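Participant: After the structure tokens below, expect a handful of questions from me.
The values are calculated or read from the model by the stated rules, or taken from the named source; none is laboratory data. Note that the structure is a prediction, hence the values are computed from the model and not measured. Positions of Cβ are backbone-derived with ideal geometry, glycine not excepted, and every protein chain shown enters the neighbour counts. What goes into the accessible areas is simple: the full protein's heavy atoms, side chains included, and nothing from ligands, DNA or RNA. Shrake-Rupley method; radii C 1.70, N 1.55, O 1.52, S 1.80 Å.
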Amino acid sequence: MKNRIIELIKEQDRFEIITHEGPDEDSVGSSRALAFALNVLGKTVRLVYPSPIPDSLLFTPEPKQKKGITPQISILLDVSDMKLLGGVKPLGEIVIIDHHRKKEEPEGISWIDPRKSSASEMVYDLIRAMDLEITPAMASNIYMGIFGDTGGFIHSNTTPKVFKTAYELTKAGADPNQIAYKLKKSRSLKYYHILCMIMDRIIQSGKIFGSYIRYRDFGDIRANPEDAAGIIEELASLGGAELVILLRELNPDTVHASIRSKGTESALKTARAFGGGGHGMAAGFTVKGRADELIEQVIEEGMKWVSKG
Ligand SMILES: [Mn+2]
């Protein structure tokens with residue numbers, strides 16, 4: 001499918017790149033890197049983020065964009081589920097580039113490869129296959145995406161290919177020290193305030209740890225939902241935890257769950273029970289409801305899937 005996508009990129013002129021709600025390192029990095037590549041090819045492009053991006057992810061120059069275009073092609077990056085687009089409607093023909101495992105192939109043109117660490121790694125492969133030079137801005141964004149989705153080269157998706165790609169990216173101008181510091185060593189005080197709330201409310205049930213953050217909590221400490229980006233990884237760092245669940249209210253009646261597991265696919269199995277998806281060990285879902293009422297129910301579902309003993 002990669003080759004069909006390359007053909008389309010060559011044939012068409014106007015593109016939009018759309019990623020998932022709550023954009024993270026990978027979705028922002030892959031989107032911006034691909035936009036830079038389209039710039040080089042002389043194509044018109046605009047980036048669509050369904051919700052605000054944390055400032056820490058925007059440390060390279062902006063790709064050139066044209067806002068008021070009618071795109072021929074809508075590239076969905078790091079997402080293949082229309083429900084995760086936060087109400088954004090793609091305007092062109094849909095092309096999906098994603099590394100999240102799907103139960104069934106989505107309709108239309110899609111390149112889905114769960115063996116890839118990240119959408120950013122896929123964009124790297126795409127740019128290389130088009131024989132384009134990797135510029136420092138592309139390299140930095142792709143490196144950021146790989147770093148983000150591998151948890152800083154920690155998770156089981158940290159393959160030899162990931163290190164090989166990271167090596168090429170550092171040679172092309174990505175600065176590993178600068179990027180790691182931006183992502184790991186520049187937390188806001190608000191982030192830690194939110195973390196304190198989450199830790200205060202933690203519920204443990206065997207190898208499962210769950211917690212939540214209410215919509216009004218953000219107002220109470222004058223934080224924004226993007227201040228809590230990546231905070232699930234703190235729960236996932238707890239020793240003895242096999243499955244961790246963090247519920248976050250996106251608005252007063254909508255809850256997003258982030259779920260992580262270690263060693264088993266219990267994260268995905270738990271998310272699927274609520275209509276969600278993801279990878280085996282990193283999954284999520286969004287439902288109507290209240291976080292404090294839902295948390296026990298999600299933990300109970302998780303109990304079915306964690307290893308016994
Ligand atoms: Mn990703």
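Participant: What number of residues within the stretch 7-28 satisfy the criterion of being more than 10 Å from the ligand (Cβ to nearest atom) and polar (S, T, N, Q)?
Facilitator: Summing the residues that are more than 10 Å from the ligand (Cβ to nearest atom) and polar (S, T, N, Q) in the stretch 7-28 gives 1.
Participant: Let me ask you something else. What is the residue count in the stretch 73-93 for residues that are in contact (Cβ under 8 Å) with a residue 12 or more places away in the chain, under 21 Å from R14 (Cβ atoms) and away from the ligand (no atom under 14 Å from the Cβ)?
Facilitator: Selection size over the stretch 73-93: 9.
Participant: I'm told L38 meets every condition in (1) open to solvent by less than 40 Å² (accessible area, probe 1.4 Å); (2) more than 16 Å from the ligand (Cβ to nearest atom); (3) within 22 Å of the chain's Cα centre (by Cα); (4) farther than 18 Å from W111 by Cβ except one. Can you identify the failing condition by its number?
Facilitator: (4)
Participant: A further question follows. Which condition from (1) surrounded by 15 or more Cβ atoms within 10 Å (Cβ to Cβ); (2) free of Cβ contacts under 8 Å to residues at least 40 places away in the same chain; (3) under 17 Å from the mean Cα position of the chain (by Cα); (4) away from the ligand (no atom under 16 Å from the Cβ) is the one that D98 breaks?
Facilitator: (4)
Participant: I need the full set of residues from the stretch 114-124 which are touching a Lys or Arg at 6+ places or on another chain (Cβ under 9 Å) and either away from the ligand (no atom under 14 Å from the Cβ) or open to solvent by less than 20 Å² (accessible area, probe 1.4 Å) (or both), in order please.
Facilitator: Those that are touching a Lys or Arg at 6+ places or on another chain (Cβ under 9 Å) and either away from the ligand (no atom under 14 Å from the Cβ) or open to solvent by less than 20 Å² (accessible area, probe 1.4 Å) (or both): S117, E121, M122.
Participant: Mind listing whichever residues of the stretch 71-85 are more than 13 Å from the chain's Cα centre (by Cα) and buried (at least 18 other Cβ atoms within 10 Å of the Cβ)?
Facilitator: Across the stretch 71-85, the qualifying residues are P71, I73, S74, I75.
Participant: Could you list, in sequence order, all residues of the stretch 49-72 that are under 30 Å from K190 (Cα atoms), more than 15 Å from the ligand (Cβ to nearest atom) and among the aliphatic types (A, V, I, L, M)?
Facilitator: Answer for the stretch 49-72, where residues must be under 30 Å from K190 (Cα atoms), more than 15 Å from the ligand (Cβ to nearest atom) and among the aliphatic types (A, V, I, L, M): just L58.
Participant: Those residues that are near the ligand (Cβ under 10 Å from one of its atoms) and either assigned to a loop (DSSP other than H, G, I, E, B) or open to solvent by 10 Å² or more (accessible area, probe 1.4 Å) (or both), I need them from the stretch 136-149; list them, please. Quick ask: steps written out before the conclusion?
Facilitator: Going through the stretch 136-149, the residues near the ligand (Cβ under 10 Å from one of its atoms) turn out to be 145-146, 148-149.
If the condition is that a residue be near the ligand (Cβ under 10 Å from one of its atoms) and either assigned to a loop (DSSP other than H, G, I, E, B) or open to solvent by 10 Å² or more (accessible area, probe 1.4 Å) (or both), then G148, D149 are the ones that fit.
Participant: I'm trying to understand the selection: among the residues of the stretch 157-179, which are under 13 Å from S118 (Cβ atoms) and open to solvent by 70 Å² or more (accessible area, probe 1.4 Å)?
Facilitator: Residues of the stretch 157-179 under 13 Å from S118 (Cβ atoms): 157-159, 161-162, 165-166, 169.
Across the stretch 157-179, the qualifying residue is only K161.
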